[in-house]
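The values are calculated or read from the model by the stated rules, or taken from the named source; none is laboratory data. On a predicted model such as this, the values are computed, not experimentally measured, just so you know. Here Cβ is always computed from backbone atoms with ideal geometry, including for glycine, and neighbour counts include all displayed protein chains.
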Amino acid sequence: MSAVASRVVRLHEYGEPLDVLHEEQIEVAEPPEHRVRVKVIAVGLNPADWELCRGFMPARLPRGIGFDVAGVVDAVGIGVEGVEVGDVVVGFADFLAQPSAGVADVAILQSWVPVPEGLDPVQAAVLPMAVQTAAWTLDAMGVHPGSTVLVHGAGSMVGFAAVQIARREGAQVIATAGPTYAAELAGFGAAVTAYGDGMVARVRALAEGPVEHVLDTPPSHEGTLPALIEIAGNPDRVVTISNHEEARRLGARVNLDIISEPTPFEQLLPPYVTLAAAGQFRIPIAHTYPLDAWRDAVELSTSGRPRGKIVLLP
Ligand SMILES: NC(=O)c1ccc[n+]([C@@H]2O[C@H](COP(=O)([O-])OP(=O)(O)OC[C@H]3O[C@@H](n4cnc5c(N)ncnc54)[C@H](OP(=O)(O)O)[C@@H]3O)[C@@H](O)[C@H]2O)c1
């Protein structure tokens, strides 16, 4: 094993993504203990990448972007078992500890699972963040078979995952979404309506009873939580993944505050990659770009309306 040359997109100071991100050529070191290094096949982008550029989850600089990675293992750190050079895996880049992350030719992963036969690694690369966030949050909310849950903003990829997971767990699901994925969400068994003016009345009409849980998923959008609290009848039943300050001010909850003892990624993801391989679970991809076009990808993602995942292909 030795260090290998790689293009990486990373930042040396915090600020707006397109101001602080730069493509560089560096040497990616051998993987440390309990880590693997992969040749990246595909890296899915997330709104959290842009928050990270602005200073969220601070860590030593320089640091990289790109959490969700599918790739071929090219080196294995001490203490790693069950994976070999040449295996195709999907997981999270070691974005806190390494000087580069998934937007690269080569990346070091902190967690991974095998990509099963029949699942395109590009499709696998968009699963980790959306599935983990949705599953951990629904679990922390106490959504169970027979509960009624409103997934607000289910055209977001965490929301899209949450609808599928909640339905698989036997919940009654109401979803608000724009037109892009409304029909597909309905196909999962959700009652779907538009967000925006008149949403409270439309959701109430669909609910035929109390809405016990509300999950607020779209990118940060101050001003919607009061309507979601009105639907739930109690701020405590509303959990957001993006409007942290407003939620705390109004007595609603933030997922990061209520998730405790979450299922480890290595246990959580395998059922979903298996379902995805069988065509029974999916996170849609809006656009793939070659790595060199990362600036276009940033622009689409930061628009707040990418309408699916954005993937970079080294
Ligand atoms: N706390 C955590 O653990 C955690 C983890 C992951 C993500 N997040 C956060 O969760 C948010 C969603 O992430 P994501 O990756 O799922 O986002 P995403 O896929 O990029 O969401 C974009 C989509 O949301 C919908 N949308 C945009 N504005 C909306 C609004 N005002 N009302 C309803 N829907 C709206 C749009 O779809 P349509 O209009 O086509 O329906 C848009 O295409 C981000 O803020 C992210 O930072 C938090």
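Listing for the model above:
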read-out	value
Within the stretch 222-311, helices (runs of 4 or more DSSP H) holding 2 or more residues that are among the basic types (Lys, Arg) and over 30 Å from HIS22 (Cα atoms)	244-250
Criterion: touching a Pro at 6+ places or on another chain (Cβ under 6 Å) and of a type in the set (Lys, Arg) - qualifying residue of ARG37, ARG54	ARG37
Condition check for LEU228: out of contact with any helix residue (DSSP H, G or I) (no Cβ under 9 Å at 6 or more places or on another chain), under 21 Å from GLY155 (Cβ atoms) and within 14 Å of the ligand (Cβ to nearest atom)	no
Conditions (1) more than 9 Å from the ligand (Cβ to nearest atom); (2) over 27 Å from PHE92 (Cα atoms); number of the one not met by PRO179	(1)
Subset of the stretch 1-59 that is over 23 Å from the mean Cα position of the chain (by Cα) and of a type in the set (S, T, N, Q) - its residue that is modelled with the lowest pLDDT	SER2
Those residues of the stretch 187-206 which are of a type in the set (Gly, Ala, Ser) and either crowded, with 21+ Cβ neighbours inside 10 Å or away from the ligand (no atom under 13 Å from the Cβ) (or both), in sequence order	GLY187, GLY189, ALA190, ALA191, GLY198, ALA201, ALA205
Test for HIS144: is it at negative phi and touching a Ser or Thr at 6+ places or on another chain (Cβ under 6 Å)	no
Condition check for GLU184: at pLDDT below 95 and in the same structural domain as LEU138 (by TED's automatic domain parsing)	no
The stretch 39-77 - residue that is in contact with a Lys or Arg (Cβ under 9 Å, 6 or more places away or on another chain) and part of a loop (DSSP other than H, G, I, E, B) and, of those, farthest from the ligand (Cβ to nearest atom)	GLY77
Selection within the stretch 290-311 - more than 15 Å from the ligand (Cβ to nearest atom) and surrounded by 16 or more Cβ atoms within 10 Å (Cβ to Cβ)	LEU291, TRP294
Among the residues listed as THR288, THR274, THR217, the single one being closer than 30 Å to VAL122 by Cα and assigned by TED's automatic domain parsing to the domain that holds ASP68	THR288
Test: residue in the stretch 223-237 that is touching a residue at least 40 places away in the same chain (Cβ under 8 Å) and of a type outside the set (A, V, I, L, M)	yes
Verdict on PRO226 being surrounded by fewer than 19 Cβ atoms within 10 Å (Cβ to Cβ) and modelled with pLDDT of 95 or more	yes
Qualifying residue in the stretch 122-134 (condition: modelled with pLDDT of 95 or more, farther than 19 Å from GLN267 by Cα and not polar (S, T, N, Q))	yes
Cβ pairs under 9 Å, 6+ apart, first in the stretch 190-208 and hydroxyl-bearing (Ser, Thr, Tyr), second away from the ligand (no atom under 14 Å from the Cβ)	THR193/ALA205; THR193/LEU206
Given (1) in a loop (DSSP other than H, G, I, E, B); (2) within 11 Å of the ligand (Cβ to nearest atom), number of the condition GLY209 does not satisfy	(2)
